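Asks: Let me give you the structure first, and then I'll get to my questions.
The values are calculated or read from the model by the stated rules, or taken from the named source; none is laboratory data. Please read these numbers as outputs of a predicted model, since none were measured by experiment. Positions of Cβ are backbone-derived with ideal geometry, glycine not excepted, and every protein chain shown enters the neighbour counts.
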Ligand code: PEP
Ligand code: MN
């Protein structure tokens with residue numbers, strides 16, 4: 001059920017509707033918009049009777065929702081969500097650039113890369129402290145030590161920190177040291193983790209699962225939103241197909257597909273999406289051209305010595321070039337994206 005308030009509805013009228021929703025044992029999600037406020041209802045397993053709401057003061061319409069998701073949709077919020085991280089945004093007018101190594105490996109490595117990321121004008125620094133590796137014998141990340149280095153980078157360069165939480169205790173740690181909680185592809189359907197991130201006050205970067213359909217991905221975002229965290233960034237990072245020329249197949253059609261149903265910002269990861277250094281820049285360009293709100297890119301000062309994902313890491317010089325190219329593309333397509 002979706003309650004659309006009249007354009008001139010007062011705050012008291014909105015609170016009145018939320019109170020009735022709570023009396024029914026359900027949860028109301030208030031989404032103020034440019035022209036009207038909508039209230040999504042979650043917690044019901046069957047249909048909710050619209051007659052509870054139709055005659056309440058300030059209510060324009062009570063609409064039954066037939067889609068599997070209720071909160072991530074444009075029906076609830078026709079205006080795009082702009083995720084705010086301090087003074088930086090994702091989903092607004094500016095192209096968001098999140099760059100950094102796959103994993104934080106050492107102070108020297110992390111700072112050398114962060115310096116270049118800062119110089120490029122990007123607002124976000126990425127780097128894993130807890131790595132989800134295919135092999136249990138591969139480098140698993142520096143753990144809390146890595147997070148402490150990330151916090152130092154934030155203090156030194158003013159960059160916002162995007163870093164992965166592998167589990168619920170990991171969310172506690174990212175809350176302590178970071179700015180955005182990354183939920184990795186392998187965890188996209190870890191529902192207890194999604195719920196925990198949904199109770200966080202930090203924004204969540206939700207990567208698409210390796211074999212997730214659009215609906216599964218959006219429903220994973222719905223899990224987070226249903227808990228009350230509306231600051232979510234979707235990330236297309238490639239899916240598993242029969243193709244052997246890339247690590248994953250970057251599904252750029254997912255960007256306009258998400259746009260058509262959801263108000264959430266969506267970014268592209270051309271690093272995991274290709275797995276190959278020489279493909280990262282071309283796919284970053286195309287990601288921006290199809291209308292992504294930003295990019296997340298892996299960069300390393302010495303890719304040949306990287307402890308994880310070296311094959312897809314850009315050198316500092318390649319990264320600098322990428323940023324200037326994608327900014328130029330964004331300037332050309334930005335007016336079209338607004339339409
Ligand atoms: C990463 O960002 O380094 C990562 C592990 O990504 P994904 O979850 O998309 O594989
Ligand atoms: Mn990686």
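Asks: In segment 302-317, which residue that is in a loop (DSSP other than H, G, I, E, B) and within 16 Å of ligand 1 (Cβ to nearest atom) is surrounded by the most Cβ atoms within 10 Å (Cβ to Cβ)?
Replies: Out of the qualifying residues, it is 313.
Asks: Of these, 173, 159, 166, which one is in contact with a strand residue (DSSP E or B) (Cβ under 7 Å, 6 or more places away or on another chain), within 24 Å of residue 143 (Cα to Cα) and surrounded by 15 or more Cβ atoms within 10 Å (Cβ to Cβ)?
Replies: Every option except 159 fails the conditions.
Asks: Next question. Mind listing whichever residues of segment 185-199 are surrounded by 18 or more Cβ atoms within 10 Å (Cβ to Cβ) and either touching a strand residue (DSSP E or B) at 6+ places or on another chain (Cβ under 6 Å) or part of a helix (DSSP H, G or I) (or both)?
Replies: 185, 187, 193, 194, 196, 197, 198
One line per residue, one yes/no per condition, for (1) within 21 Å of residue 204 (Cβ to Cβ); (2) within 16 Å of ligand 2 (Cβ to nearest atom); (3) crowded, with 20+ Cβ neighbours inside 10 Å; (4) in contact (Cβ under 8 Å) with a residue 60 or more places away in the chain:
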site	(1), (2), (3), (4)
262	yes, no, yes, yes
265	yes, no, yes, yes
284	no, yes, yes, no
290	no, no, no, no
294	yes, no, yes, yes
300	no, yes, yes, yes
327	no, no, no, yes
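Asks: Separate question: Give the residue, chosen from 320, 331, that is touching a helix residue (DSSP H, G or I) at 6+ places or on another chain (Cβ under 8 Å), more than 22 Å from residue 134 (Cα to Cα) and surrounded by fewer than 19 Cβ atoms within 10 Å (Cβ to Cβ).
Replies: On the way: 331 fails: touching a helix residue (DSSP H, G or I) at 6+ places or on another chain (Cβ under 8 Å).
None of the others qualify; the one that does is 320.
Asks: Out of (1) more than 16 Å from ligand 2 (Cβ to nearest atom); (2) touching a strand residue (DSSP E or B) at 6+ places or on another chain (Cβ under 9 Å), the odd one out for residue 129 is which?
Replies: (1)
Asks: Within segment 204-223, can one find any residue that is within 30 Å of residue 315 (Cα to Cα), within 14 Å of the chain's Cα centre (by Cα), surrounded by fewer than 24 Cβ atoms within 10 Å (Cβ to Cβ) and within 16 Å of ligand 1 (Cβ to nearest atom)?
Replies: Checked segment 204-223: at least one residue is within 30 Å of residue 315 (Cα to Cα), within 14 Å of the chain's Cα centre (by Cα), surrounded by fewer than 24 Cβ atoms within 10 Å (Cβ to Cβ) and within 16 Å of ligand 1 (Cβ to nearest atom).
Asks: Is there a residue being within 30 Å of residue 277 (Cβ to Cβ) and exposed (fewer than 15 other Cβ atoms within 10 Å of the Cβ) anywhere in segment 42-51?
Replies: Looking through segment 42-51, none of the residues is within 30 Å of residue 277 (Cβ to Cβ) and exposed (fewer than 15 other Cβ atoms within 10 Å of the Cβ).
Asks: Any residue that is closer than 19 Å to residue 297 by Cα and either within 16 Å of ligand 2 (Cβ to nearest atom) or in contact (Cβ under 8 Å) with a residue 40 or more places away in the chain (or both) - is there at least one of those in segment 217-231?
Replies: Scanning segment 217-231, I find no residue that is closer than 19 Å to residue 297 by Cα and either within 16 Å of ligand 2 (Cβ to nearest atom) or in contact (Cβ under 8 Å) with a residue 40 or more places away in the chain (or both), so the answer is no.
Asks: Looking at (1) farther than 12 Å from residue 296 by Cβ; (2) surrounded by 17 or more Cβ atoms within 10 Å (Cβ to Cβ); (3) at pLDDT 95 or above, which is the only condition residue 126 fails?
Replies: (1)
Asks: Looking at segment 132-160, which of the residues that are free of Cβ contacts under 8 Å to residues at least 40 places away in the same chain and within 16 Å of ligand 2 (Cβ to nearest atom) is farthest from residue 87 (Cα to Cα)?
Replies: 135
Asks: Then there's this: So which strands (runs of 3 or more DSSP E) stay within segment 7-64 end to end and still have 1 or more residues that are touching a strand residue (DSSP E or B) at 6+ places or on another chain (Cβ under 9 Å) and more than 23 Å from residue 229 (Cβ to Cβ)? Before the answer, list the steps.
Replies: Details: elements: 27-32, 37-42, 59-63.
The strands (runs of 3 or more DSSP E) meeting that bar are 59-63.
Asks: While we're here: Take the residues in segment 70-118 that are out of contact with any strand residue (DSSP E or B) (no Cβ under 8 Å at 6 or more places or on another chain), within 28 Å of residue 166 (Cβ to Cβ) and part of a loop (DSSP other than H, G, I, E, B), then tell me which one is farthest from ligand 2 (Cβ to nearest atom).
Replies: 106
Asks: Looking only at segment 268-286, which residues are away from ligand 1 (no atom under 14 Å from the Cβ) and in contact with a strand residue (DSSP E or B) (Cβ under 7 Å, 6 or more places away or on another chain)?
Replies: Selection gives 277, 284.
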